[in-house]
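One structure is given here, and the rest of the page talks about it.
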Amino acid sequence: MSLPSAFDAGIVAALSALDAKSVKHVFFVACGGSLSIMYPAKFLLDQHAPLPSDVYNAAEFVARAPRVLDRNSLVILCSMTGTTKETTAAAEFARSKGAATIGLTVEPASPLAKAVDHVVGFEAPYTTGVPIDARDSNYSRIYQIVMGLVALTGGEDLTETLISSLAALQPAIDRAHAVFAPAFEDYAPRFAKEDVVYTVASGASYGAAYSFAICVLMEMQWINSQAIHANEFFHGPFEVLDKDRAFILLKGLDSTRPLEQRADEFLHRFGSAENILVLDAEKLDLSGIDPQFRGNVVPLIFFDTLWRFAYKIADLRKHEMLEARRYMKKISY
Ligand SMILES: O=P(O)(O)OC[C@H]1O[C@](O)(CO)[C@@H](O)[C@@H]1O
């Protein structure tokens, strides 16, 4: 089978060089925001192929040294900058075990790019401020890798369906901004005053909640946060819930939506609606995105739109989003 001509050229090169049928285990490896996209990537692979996979923080991957990592493994790594040293070390470690490696990065000359067998580029608006089309984002590229792999390993070939869905994603994101804008306007003044804001999600959307909690609220706004899995919520975290506690709940469209729905009902039973910001994907116009992929692309819509909310909070707190860091990239660690 051949991959669609609209597939990213780097992905076509990487997957064509791979003896796909020999791949017995896939590892998704990265740190921080780049790690957050690995959860939905694994979710997509789990849905479409009987291929075992794991998601690892890059340092943990090297320290744990899974015994199953060998020449029949495919290790997919991501570092936007390509300079996160743990991720480069993980690529080198994977190659030392004979595994095939694919690295996603925006910097083709970066240390990560040099450490992997194949480089896949993507675009990111967050540090440059230059808007992109979501079809060129990290989500889009890793989904192409996953669905390409599914097709090449004998699974259903949904690559064309994926490509046409990704082409419809940016207009869907643009429409979503308008849908969520009134809620962001309403909630931002209250959330800007909070010391703690939790984010809750499950399934394909968990990664979006994770990155919003650790990279945006904590890293960029110094607001204490934690991403809580929508069902784990009932296994401890719900004890902190009262009328004053602030939560963001992501309700996606994947098969785990009932978990998020149950959390929604409990949050509104004991919390107060004005402190529970719910982003519900059922309110979105997802025309052009195939129903099979709607649950998978919704987290990118959540994440992209939540940035607008974060900038509103940043303005109200007078705390600059990307510059006001104390440690990251400012000191050695
Ligand atoms: O490896 P990357 O994707 O360049 O990430 C570098 C840093 O950027 C973030 O993803 C967001 O600032 C951090 O979590 C991470 O430490």
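Where a number appears in this text, it was derived from the coordinates with a stated rule and is not lab data. These figures come from a predicted structure and were not determined experimentally. Glycine gets a Cβ as well: all are built from the backbone with ideal geometry, and neighbour counts include every protein chain shown.
In table form, for the structure just shown:
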quantity	calculated
The chain - Rg over Rh from alpha carbon coordinates, Kirkwood radius	0.96
Cα shape, region 72-140, gyration tensor, a/c 1.5 rule	prolate
Residue-by-residue Karplus 3J(HN,Hα) for region 66-80, coefficients 6.51, -1.76, 1.60, Hz, glycine and proline x	x, 5, 6, 5, 7, 5, 9, 9, 10, 10, 9, 10, 9, 8, 3
Long-range amide H partners of HIS25 with built H, under 5 Å	LEU74
Relative contact order (percent, whole number), region 73-170, Cα cutoff 8 Å, 6+ residue spacing	20
Using alpha-carbon coordinates, inclination of helix 291-317 to the longest axis of the chain, degrees	50
Reach of LYS42 by Cα under 15 Å, taken over aspartates and glutamates that are not fewer than 8 positions away in the same chain	ASP54, ASP254
³J(HN,Hα) computed for each position of region 262-272 - Karplus, 6.51 cos²θ - 1.76 cosθ + 1.60, integer Hz, glycine/proline x	5, 4, 4, 5, 5, 4, 6, 6, 10, x, 10
Cut-off 15 Å, label 7 Å out along Cα→Cβ of TYR126, residues of region 285-301 by amide N	299-301
Local net charge near ALA99, Cβ-Cβ under 15 Å (Lys/Arg +1, Asp/Glu -1)	+1
C-alpha long axis of helix 85-96 to longest principal axis of the chain, angle in °	30
The chain: calculated mean residue ellipticity at 222 nm from DSSP helix runs of at least 4, using -39500 (n - 2.57)	-13500 deg cm²/dmol
Members of LYS85/LYS330; LYS243/LYS283; LYS24/LYS97; LYS251/LYS283; LYS251/LYS318 lying beyond 20 Å, as alpha-carbon distances in this model show	LYS243/LYS283; LYS251/LYS318
Virtual spin-label span in nm between TYR333 and VAL240, 7 Å along Cα→Cβ	2.0
ASP174, ASP157, ASP195 arranged by Cβ crowding within 10 Å, fewest neighbours leading	ASP195, ASP174, ASP157
Contour minus Cα-Cα distance for ARG71 and GLU232 (0.36 nm per residue)	54.4 nm
Order by protection proxy (mean Cβ within 10 Å, highest first), peptides 31-41, 212-222	31-41, 212-222
Residue-count net charge about VAL130 - beta-carbon cut-off 12 Å; Lys, Arg +1, Asp, Glu -1	-3
Ascending count of other beta-carbon atoms within 10 Å, so fewest first, for ILE163, ILE248	ILE163, ILE248
Rounded tilt (10° steps) of 169-191 against the dominant C-alpha axis of the chain	40
Cα gyration tensor, region 205-251 - rounded (a/c under 1.5), prolate or oblate	oblate
Cβ-based net charge around ILE289, under 15 Å, with every Lys or Arg adding one and every Asp or Glu removing one	-4
Over region 154-256: Kirkwood hydrodynamic radius from C-alpha pairwise inverse distances, Å	15.7
The chain, relative contact order [Cα under 8 Å, separation at least 6], %	16
Alpha-carbon Rg/Rh ratio, for region 35-185, with Rh computed the Kirkwood way	1.00
